[in-house]
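The values are calculated or read from the model by the stated rules, or taken from the named source; none is laboratory data. The shown structure was predicted, so the numbers you read here are calculated from the model rather than taken from an experiment. FYI the Cβ positions are ideal-geometry reconstructions off the backbone, even for glycines, and counts take in every protein chain you see. What goes into the accessible areas is simple: the full protein's heavy atoms, side chains included, and nothing from ligands, DNA or RNA. Shrake-Rupley method; radii C 1.70, N 1.55, O 1.52, S 1.80 Å.
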Amino acid sequence: MTRFERRKRKAQSLLETVMGISFLVPIFLLLVDFTLVFAALQKNDSVCRNVVRTAASGAPEDANNRAQAILAQKSDSSTGWFSKISLAEPVALMITNKPNVQLDPESNEAFNPGGPIEGSAIASTQITIKPILLHLFHGERELTFKSQQSCPISYVMPESGRSNEVKE
Amino acid sequence: MRTIRKSSGSMLVLIVFLLGIFVVFALGAFTVNNFLFLRTRAQDRADNLALLLASKINTGDRVGQMNELQARSRELIFNSRERIADCHGEELDMLSPIAEQLLNEAREGHALLERESNNLVSQICKEVKESALAHNSALSDLGIFKMGGLLTEQARIERVELGSIKDIPSNAKSDTVFEGLSEFDLQQNHSHKTNGLYRANIDAKIPPPDGDLSFKISALAPNVRGTCSPAHNVNAHVFTRMDTLIDNEEGQPCHPEFAPCAVQVHCKMPTTLGIKGDYRADLTFVSTAATNGAIKTE
């Protein structure tokens, strides 16, 4: 084999390697991006589930405060890949039935007899990621994903407005 | 003879081969990951569904009120019977007819209560059944997920069972004002010695001659110092089955002896694997929920 032939073969291998790597690297980066997307989706979904459950299991007027507390607990910091998870919109409560204020026939005082509140809570959370390559196809540098979940309200309003509220 | 290997093109083959493995492996990983993700979501849906069905059981504290009515009815009958004995014992025979009339009214009232108790159980079964069947009929094709060779459909309710939760007492209390009755309850193990609450799912019969009457007291979390237990998901192993409401996605005749306080939902998610759908299996999810406790404290 002449010197020229040896160099030609080496050059061919080098070219194949370079071309191969130039295919492999973007594919690898795309896979990293997809992993990031799936991880973000799952994290957002899990937090959204916790948020909606917590929002549905307490007094309706404090639903958003409880949701924010869970968000602060479960998504306390943003990293280079994920943004902090936030509420896409305030928690929506669809109340179908709740105990109403009544008038005590004996004392003539208004009171609420208490009872379960029926309906469902709907929470929507969002997370933003900064992909490595996907933005080339998408056009925007950041991708935002939303998750929406609902949960039946499981709260029993205590009796209120009577002088002897707490009974043994 | 020594074989001379051809080295040109080997890198290209190697890289294409690696690329293929890489892509196949990644697709497989994403599919499995998505499958697990969908499974978690389906379990959440089953939990929500169980909670929704459970909250229908004690709407308006109807089970709690029925337990209280049963307890008060047995006290009334027991007390009326004692008054008759008093009339005979204290030479107040002229009051005997009134005492007997009061006893008869109490017994008639109890017969009415028994009918209403049965109606209540039927009504609970009907409402829970309708709600569960409505869920299945509202499912659409939107929830179908397909990726690679994996296809999952929306979770459907396959079976719904009504029951109660282990070690939960009744919300009604055995009143110590009626000493004879409260002592009888303790002897017969109808009530708890520590808190006086009736045991759950018992026929709390009273002493003869009124032992022919049945007083069915159901399980329900009692109201503790004004705090009512809300509807909540519970572990499946604390559930005690009473009757099956839905089986194979079809409503079944159901009439448990006592009012239920919990519901167990069995869902299935049809899943197909393979390019031609070669492997088919139904993933099952079980979720249990208890209804809200008694609202009122007597």
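In the context of the full protein assembly, B:HIS255 retains an accessible surface of approximately 90 Å², using a probe radius of 1.4 Å and ignoring ligands and nucleic acids. Once the Cα atoms are used to define both axes, helix A:3-56 deviates from the longest principal axis of chain A by about 0 degrees. Modelled spin labels at A:GLN102 and B:ARG156, positioned 7 Å past Cα toward Cβ, are 4.3 nm from each other.
Taken over the C-alpha atoms, the protein assembly as shown has Rg and Dmax values of 32.9, 138 angstrom.
At most 15 other Cβ atoms within 10 Å and a DSSP loop assignment: could you name the trypsin sites (Lys or Arg not before Pro) in the stretch A:55-151 that fit? Can you show the working numbers first?
On the way: sites: A:ARG66, A:LYS74, A:LYS84, A:ARG141, A:LYS146; in loops: A:LYS84, A:ARG141.
Filter output for the stretch A:55-151: A:LYS84, A:ARG141.
Just checking the listed ones, B:LEU18, B:LEU27, B:LEU69: in the Gaussian network model of chain B with Cα springs under 10 Å, the one fluctuating most is B:LEU18.
The H on the amide N of B:LEU245, modeled in the peptide plane, is under 5 Å from the matching H of B:VAL160, B:GLU161, B:LEU162, each at least 5 residues off or on a different chain.
In the distance distribution for the stretch A:84-141, Cα-Cα pairs more than 13 Å apart total 75 percent. The share of C-alpha pairs in the stretch B:168-298 whose separation exceeds 21 Å stands at 56 percent. Cross-link pairs exceeding 21 Å between alpha carbons, from the set B:LYS56/B:LYS126; B:LYS173/B:LYS296; A:LYS43/B:LYS56: A:LYS43/B:LYS56. The stretch B:212-250 and the stretch B:144-170 have Cα centres lying 18 Å from one another.
Compared with the dominant Cα axis of chain B, that is its longest principal axis, helix B:62-89 is turned about 20°. Among B:GLU153, B:GLU161, the sequence by solvent-accessible area, most first, with a 1.4 Å probe is B:GLU153, B:GLU161.
Applied to the stretch B:203-212, the Karplus parametrisation 6.51 cos²θ - 1.76 cosθ + 1.60 on θ = phi - 60° returns per-residue 3J(HN,Hα) values of 9, 7, 5, 9, x, x, x, 9, x, 6 Hz, with x for Gly and Pro. By the Stokes-Einstein formula, at 0.692 mPa s and 37 °C, the stretch B:13-121 with its Kirkwood radius over alpha-carbon pairs has D equal to 163 µm²/s.
For the stretch B:2-290, the solvent-accessible area with a 1.4 angstrom probe is 53 square angstrom per residue. Cα centroids of the stretch B:48-67 and the stretch A:17-54: 43 Å apart. In the elastic network of chain B, a GNM with C-alpha springs shorter than 10 Å, the most mobile of B:LEU197, B:LEU19, B:LEU133 is B:LEU19.
Across the stretch B:22-39, computed HN-Hα scalar couplings (Karplus, 6.51 cos²θ - 1.76 cosθ + 1.60, θ = phi - 60°) run 4, 5, 4, 4, 5, 4, x, 5, 5, 5, 4, 4, 5, 4, 5, 4, 5, 5 Hz from first to last residue, x flagging Gly and Pro.
Taking max minus min of the alpha-carbon positions on each principal axis, the stretch B:104-255 gives extents of 72, 32, 25 Å, largest first. Computed over chain A, the alpha-carbon pair-distance distribution with 5 angstrom bins reads 2, 8, 12, 12, 10, 9, 8, 7, 6, 5, 4, 4, 3, 3, 2, 2, 1, 1, 1, 1, 0, 0, 0, 0, each value a whole percent. Calculation over all alpha carbon pairs of the stretch B:41-188 in 10 angstrom steps from 0 returns a P(r) of 9, 25, 23, 16, 12, 8, 5, 2, 1, 0 percent. Across the alpha-carbon set of chain B, the Rg to Rh ratio works out to 1.30, Rh being the Kirkwood radius.
Taking the stretch B:132-219, how much of its Cα-Cα pair set, in percent, is spaced more than 20 angstrom apart?
Numbers: 2143 of 3828 pairs.
Value for the stretch B:132-219: 56 percent of Cα pairs lie more than 20 Å apart.
With respect to chain A, whose longest principal axis is taken over its alpha-carbon atoms, helix A:63-74 is tilted by about 40°.
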